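Trainee: Quick one: this structure, given as structure tokens, is what I'll be asking you about.
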């Protein structure tokens, strides 16, 4: 076993003993440290991902110069301040110049950023930065709406608050008509399933 992983398991065991008042040996907690570390390896897999590798395959845009939007992408992340989850949905858009990217790559670049200890602002900026760097589009827009457990189960305890962050770049920042069209596309009725 990896030495750092063993240390992480021991650290979780110590936290459990703290929470349980020194008694973390009951049956339900016996394997918890290993389970926690295994779950963290999946939850925080974004640290092992590279934006260039995620956005590695692009395609000729064939003259397409309209908005490309993937909306309502669900995501889960973990607040770096309290180690509590936050989740919601993201809308990611760009207007290509010469290259487009497969739509699953937009969801994957969101996962790359959200599967780390994070704040919502950094996820929003990071996704926009990566799309700009790799595609050089005419414009990039990232809008994220999320609820945060750190506000729901502790502190101010506001259950229905939704935090929205956005990054508008290029024509989405400079041109109000492009921004308006994007917002209309985001608000349009979902496809019937």
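Trainee: Where Rh is the Kirkwood radius over the Cα pairs of the range 3-43, the temperature 20 °C and the viscosity 1.002 mPa s, what D in µm²/s does Stokes-Einstein return?
Mentor: Stokes-Einstein gives a translational diffusion coefficient of 208 µm²/s.
Trainee: Still on this structure: If each residue of separation counts as 0.36 nm, what is the full-extension length gain between residue 181 and residue 158 once their alpha-carbon separation is subtracted?
Mentor: Taking residue 181 through residue 158 to full extension adds about 5.0 nm, to one decimal.
Trainee: If you don't mind, there's one more thing I want to ask. Please give the calculated 222 nm ellipticity per residue for the chain, where each DSSP H segment of at least 4 residues contributes -39500 (n - 2.57) and the sum is spread over every residue; nearest 500 deg cm²/dmol?
Mentor: Roughly -12500 deg cm²/dmol at 222 nm, from the helical runs in the chain.
Trainee: Need the C-alpha centroid separation for the range 3-18 versus the range 79-116, integer Å.
Mentor: Centre-to-centre distance over Cα atoms comes out at 31 Å.
Trainee: Using 7 Å Cα-to-Cβ label points, what is the residue 119/residue 174 separation (nm, one decimal)?
Mentor: 3.0
Trainee: With a/c under 1.5 counting as rounded, go ahead and sort the range 56-140 into rounded, prolate or oblate using the C-alpha gyration tensor (a ≥ b ≥ c being the square roots of the eigenvalues; past the cut-off, prolate if a/b is larger than b/c, else oblate).
Mentor: prolate
Trainee: Can you give the FRET efficiency for residue 32 and residue 87, using 1/(1 + (r/R0)^6), R0 = 22 Å, r = Cβ-Cβ distance, to the nearest 0.05?
Mentor: So, using R0 = 22 Å, E works out to roughly 0.45.
Trainee: Grab the beta carbon distance between residue 80 and residue 60, set R0 = 41 Å, and tell me the FRET efficiency rounded to 0.05.
Mentor: 0.55
Read the figures in this text as sums done on the coordinates, not as results from a lab. The structure displayed is predicted, hence computed values, not measured ones. Here Cβ is always computed from backbone atoms with ideal geometry, including for glycine, and neighbour counts include all displayed protein chains.
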